[in-house]
Amino acid sequence: MSLNNTSEVPSFEPTTYEYTETSQDVGELISARARRWVYALYALGSVILGAIQVGYSAASLGHPTWLIVATAVWVFLGGSQGLLALLKTPPGS
């Protein structure tokens, strides 16, 4: 295919898709209102843990074991947040 011949270049036609949820499993398990609260609480917890870590670092103190463990567990739980968001994202978005 020659790069100079524009007749050989495929055209791009944007397509819009209407989203219809085919599986109600996640929707039945966790409502939109509940998901909103889960996301908000996770964000708030992340800010609080991050602020505590920054405080210990700014004071040049060693991080206590409870904070290290809590942060590791919190980050691990973040994977489920991403999976929940992915499952509820319309295809093609």
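The values are calculated or read from the model by the stated rules, or taken from the named source; none is laboratory data. Computed from a predicted structure; not experimentally measured. Every residue, glycine as well, gets a Cβ built from its backbone with ideal geometry; the counts of neighbours run over all protein chains shown. The area values use the complete protein model at the heavy-atom level, side chains included, leaving out ligands, DNA and RNA. Shrake-Rupley method; radii C 1.70, N 1.55, O 1.52, S 1.80 Å.
Tell me yes or no: at least one residue of region 66-73 is open to solvent by 40 Å² or more (accessible area, probe 1.4 Å), assigned to a helix (DSSP H, G or I) and closer than 20 Å to Ser31 by Cβ. No, region 66-73 has no match at all.
Of the residues making up region 33-57, just one is at pLDDT 95 or above, small (Gly, Ala, Ser) and open to solvent by 50 Å² or more (accessible area, probe 1.4 Å), namely Ala51. Contact map, region 47-76: first residue free of Cβ contacts under 8 Å to residues at least 24 places away in the same chain, second residue of a type outside the set (Gly, Ala, Ser) and surrounded by fewer than 10 Cβ atoms within 10 Å (Cβ to Cβ), Cβ cut-off under 9 Å, separation 6 or more or different chains; pairs are Gly55/Leu61.
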